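Trainee: Below you will find the structure I want to go over with you.
The values are calculated or read from the model by the stated rules, or taken from the named source; none is laboratory data. It should be emphasised that the depicted structure is a prediction, and the values quoted were computed from it without experimental measurement. Don't worry about glycine lacking a Cβ; one is built from the backbone with ideal geometry, like all the others, and counts go over all protein chains shown. Accessible surface is based on the protein model in full, side chains and every heavy atom, while ligands, DNA and RNA are left aside. Shrake-Rupley method; radii C 1.70, N 1.55, O 1.52, S 1.80 Å.
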Amino acid sequence: MAASLATEQKSAEVTDWAARIGWLVGLVLFVALVYWLMREGWKWRGTLQGDLPELLTAPDDPGPARLGMSGRYHGSTTAGQWLDRIVAHGLGTRSRVELTLTDAGLDVVRPGATDFFVPTEALREARLDKGIAGKVLTEGGLLVVTWAHGDRLIDSGFRSDRAADHGEWVDTLNSMISKSTDTEGAR
């Protein structure tokens, strides 16, 4: 009797290939739609920030370097609003960075992204922070430089390859800013 039961049983179909392919195509289309919507949102944000003036480039002779740093550029936001990313003119593009501080200002060189220059008169503040749009680190793990561009105040976040350098950058930048403010007030 056991032998007759074994011969009568058939295994079930393992796979319904048409249904499986249909689900796979649907999933791929859904992922493509989400990606497209994110890209359109990024472009729309850039359009909304179209009133931001073009970024400045470094002068031909900025003077001797006071400080230099290599590390990562994590992005720029509206000052005081660490989640309001600025994407216009490539400021939202994360990249490697080479920072050079001179008496003329802060030169930001980003391989593969738009370089920019912040004149000393535009610098407002430097501080250590823990996060900026999409990047959160330990307390004091991020160098944030506040600067004026057009009629906006912008926070830009940098992380040095040697985080111990951040304190020296904050002290030097803030002393330059206070000297610049004192000089402007004396006029």
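Trainee: Which of the numbered conditions does W17 fail, given that it passes all the others? Conditions: (1) surrounded by fewer than 11 Cβ atoms within 10 Å (Cβ to Cβ); (2) more than 19 Å from the chain's Cα centre (by Cα); (3) modelled with pLDDT of 85 or more.
Mentor: For W17, the exception is condition (3).
Trainee: Any residue in segment 72-98 that's free of Cβ contacts under 8 Å to residues at least 24 places away in the same chain: show its pairings with residues that are surrounded by fewer than 19 Cβ atoms within 10 Å (Cβ to Cβ) and among the polar types (S, T, N, Q) at Cβ separation under 8 Å, as long as the two are six or more apart or on different chains.
Mentor: Cβ pairs passing all conditions: T93/T114.
Trainee: Let me ask another. Which one is modelled with the lowest pLDDT among residues in segment 159-187 that are over 22 Å from the mean Cα position of the chain (by Cα) and under 16 Å from V108 (Cβ atoms)?
Mentor: Residue satisfying both the conditions and the ranking: M176.
Trainee: A follow-up question, please. If I filter segment 105-127 for residues that are assigned to a helix (DSSP H, G or I), among the basic types (K, R), over 22 Å from D161 (Cα atoms) and open to solvent by 10 Å² or more (accessible area, probe 1.4 Å), do I get at least one hit?
Mentor: No: segment 105-127 contains no residue that is assigned to a helix (DSSP H, G or I), among the basic types (K, R), over 22 Å from D161 (Cα atoms) and open to solvent by 10 Å² or more (accessible area, probe 1.4 Å).
Trainee: Before we move on, is L83 farther than 19 Å from R39 by Cβ and open to solvent by less than 30 Å² (accessible area, probe 1.4 Å)?
Mentor: no
Trainee: Cβ-Cβ distance below 8 Å, separation of 6 or more or different chains: which pairs start in segment 56-68 with a residue that is over 20 Å from E168 (Cα atoms) and end on one that is among the acidic types (D, E) and in a loop (DSSP other than H, G, I, E, B)?
Mentor: T57/D115; A58/D115; P62/D103
Trainee: Can I ask one more? Please go through (1) free of Cβ contacts under 8 Å to residues at least 12 places away in the same chain; (2) surrounded by 11 or more Cβ atoms within 10 Å (Cβ to Cβ) for A32 and return the number of the only condition it doesn't satisfy.
Mentor: (2)
Trainee: Moving on. For G22, work out the one condition from (1) open to solvent by 50 Å² or more (accessible area, probe 1.4 Å); (2) in a helix (DSSP H, G or I) it doesn't fulfil.
Mentor: Condition (1) is where G22 drops out.
Trainee: Taking the stated definitions as given, is S156 of a type outside the set (V, I, T), open to solvent by less than 10 Å² (accessible area, probe 1.4 Å) and closer than 21 Å to A104 by Cβ?
Mentor: Here the answer is yes, as S156 does meet what is asked.
Trainee: Condition test on R39, is it among the charged types (D, E, K, R) and part of a strand (DSSP E or B)? Quick ask: steps written out before the conclusion?
Mentor: On the way: among the charged types (D, E, K, R): yes; part of a strand (DSSP E or B): no.
In short, no.
Trainee: While we're looking at this one, here's another question. Name every residue in segment 128-146 that is part of a strand (DSSP E or B) and either buried (at least 16 other Cβ atoms within 10 Å of the Cβ) or at pLDDT 80 or above (or both), in order of residue number.
Mentor: Result: L128, D129, G131, I132, K135, L142, L143, V144, V145, T146.
Trainee: Follow-up question, since we're still on this one. Based on this model, can you work out whether E54 counts as open to solvent by 30 Å² or more (accessible area, probe 1.4 Å) and at pLDDT below 85?
Mentor: The answer is no for E54.
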